[in-house]
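Take a look at the structure below.
Throughout, read-outs are computed from the coordinates displayed, never taken from laboratory work. Predicted, not measured: the structure shown is a model, and the values here were computed from it. Quick reminder, even Gly has a Cβ in these numbers, built from the backbone with ideal geometry, and neighbours come from all protein chains shown.
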Amino acid sequence: MIERERIEAIKRDVDLAALVKAKGVKLRKNGKSYFGLCPFHGDKNPSFSVNPTKNLWQCFGCGAGGDVIRFIELFDQVDFKEAVSRLSDNGFKSSKRSAKKKQPARQTGLPAKLLKLLKRVIDFYHTAFCEDPRARQYMNQRGIADNTLFTDFKIGFANGTLLNALPGEGDIYDQLKQIGVLSEKGHEHFYGYVTFPLYDFDGNPAGIYGRRLDEMLTGSVPDHLYLPGPRHGLFNRQAAKSHKEIILTESIIDSLTLINAGIKNTIACYGTNGFIEDHRRLFKQNGVEAVTICFDADAAGKEASESVSARLQAEGLRTHVVNLPEGRDINDFFLLTADACDRFKELSKVPQQAQLACAHSDADPAVKKENKALQVTSTDYGFVMAVDGRRYEVRGLLKNDSKLKATVKGIVQEKSKRRLHVDTVDFYSARSRTYLIKGLCDL
């Protein structure tokens, strides 16, 4: 295990700006920070920022960010231990930074006036979520239908009504731009997104995460959106106060999927590069002992799992990485797997236990064909059913003496490919039922 003091010394003493420049990234100073083209995605407008005061970097384009160790992990494509080794005595020490007395970590917060305004925005978006059915329908389609979760986590919807509710003029526009809720041109930053507030250690709002609603936004619009600037805040931070073992997921939707299934000890990252300092501090301050890491079952997810696992082990925490079926994330797994909760708990066991649980099965337990058990969840519009690796969504449309009409969507997920069949069917009509069955069988 790498000594904690050694890791902190590298984060503090290595001159990040000099290191980045040495890797061939051209940086130009703008105010107190440096900006350049991000080396981790096809950047055309400089979106890569280095903060020399905090010795941290952030890309506002792809969302990657972190400290000097994380930069080397991604740039050199090495794991955490190798990155630490390469940064030891590498010649990029800053004498000015080394001479500084180490200050205790402090949560970066907004001024009281802006904090109060951000809270009002979160409340406004939550009211819009409750009144506009589109965002709720999206959550239901993801299998998240527990209304208490929507209230407990203040889930919101930026449906375009915020600007209509603002006064014609005044300081509030400048304040919303300062927070990042409005762009410099006065456009709503999260328009068309389902919103999820993030909170600091004291329960104050520290950020917002947005998930794109496809029916409102098209084109080259990111699926995931945050307030501008470095990531701050946590989702479901209370879990660390009441549980010694935490399930760390890649996204908020994945954590909500687990909570909806009754698995409460989960905290979300913000993508594969989204394990931030707030997570580390939360685990340490609350005495978390073990972390189960469950990221997407793709190349990026697996690489990030190993990196986060090494970072947590360096903090003295036990870790276990869950291997989902290839190409799936937690939400896919719960949508498409019969008895998903029990299956997930089996996969989440420590390796010895998991091997015992699966010893008598040669098939993937998540999609075992012999298991025909149904999993049915009621929704506001009908019901959702998962069986034998398939998911069916049924939305009621019309019921009278002569017709019983509904929209039926069948979903099959195979690795990274998803196939759909959608049909409007009259269940009182034999012909209509026959067409539906044929379409679903052809999936």
Q: Please build a GNM for the chain, connecting alpha carbons under 10 Å apart, and tell me which residue among F344, F129, F75 fluctuates the most.
A: F75
Q) What percent does the relative contact order of the stretch 389-441 come to when contacts are Cα pairs within less than 8 Å and at least six residues apart? A) 28
Q: Compute the relative contact order of the chain as a whole-number percentage, counting only Cα pairs closer than 8 Å that sit 6 or more residues apart in sequence.
A: 9
Q: Would you mind finding the longest exposed-site-free stretch of the chain, with exposed GluC sites (Glu not before Pro) meaning DSSP loop and at most 13 other Cβ atoms within 10 Å?
A: 4-168
Q | Neighbourhood charge, 13 Å Cβ-Cβ cut-off, centred on L110 and excluding it, Lys, Arg +1 and Asp, Glu -1 | A | +2
Q) About its Cα centre, how strong a charge dipole does the chain have in debye, to the nearest 20, once Lys and Arg get +1 and Asp and Glu get -1 at the Cβ? A) 980
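Please give the calculated 222 nm ellipticity per residue for the chain, where each DSSP H segment of at least 4 residues contributes -39500 (n - 2.57) and the sum is spread over every residue; nearest 500 deg cm²/dmol?
Helices in the chain give a 222 nm mean residue ellipticity of -10000 deg cm²/dmol.
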Q | Gyration tensor verdict on the stretch 4-99 (Cα atoms; rounded if a/c is under 1.5, prolate if a/b is larger than b/c, oblate otherwise) | A | oblate
Q | At most 16 other Cβ within 10 Å, DSSP loop - trypsin sites (Lys or Arg not before Pro), the stretch 205-253 | A | K244
Q: Report, by chain and number, residues whose modeled amide H sits under 5 Å from the one on T379, excluding near sequence neighbours (fewer than 5 apart, same chain).
A: V384
(Q) Can you work out the Karplus-derived ³J(HN,Hα) for every residue in the stretch 114-131? Use 6.51 cos²θ - 1.76 cosθ + 1.60 with θ = phi - 60°, whole Hz, and x for glycine or proline. (A) 6, 4, 5, 5, 4, 5, 5, 5, 4, 5, 5, 4, 5, 4, 4, 4, 5, 9
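By counting other Cβ atoms within 10 Å of each Cβ, how are H224, H187 ranked from fewest to most?
Arranged by neighbour count, lowest to highest, H224, H187 become H187, H224.
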Q: Order by neighbour count: F40, F150, fewest other Cβ atoms within 10 Å first, most last.
A: F40, F150
Q: With springs only between Cα atoms under 10 Å apart, run a GNM on the chain and tell me which of V322, V387, V425 wobbles the most.
A: V425
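Pairs K29/K177; K119/K244; K11/K185; K44/K302; K32/K119; K54/K241: which exceed 26 Å Cα-Cα?
Pairs exceeding 26 Å: K119/K244; K11/K185; K44/K302; K32/K119; K54/K241.
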Q.
To make sure I understand, if each residue's beta carbon is the centre and we count other beta carbons within 10 Å, what order do D132, D296, D15, D202 fall in, fewest to most?
A. D202, D132, D15, D296
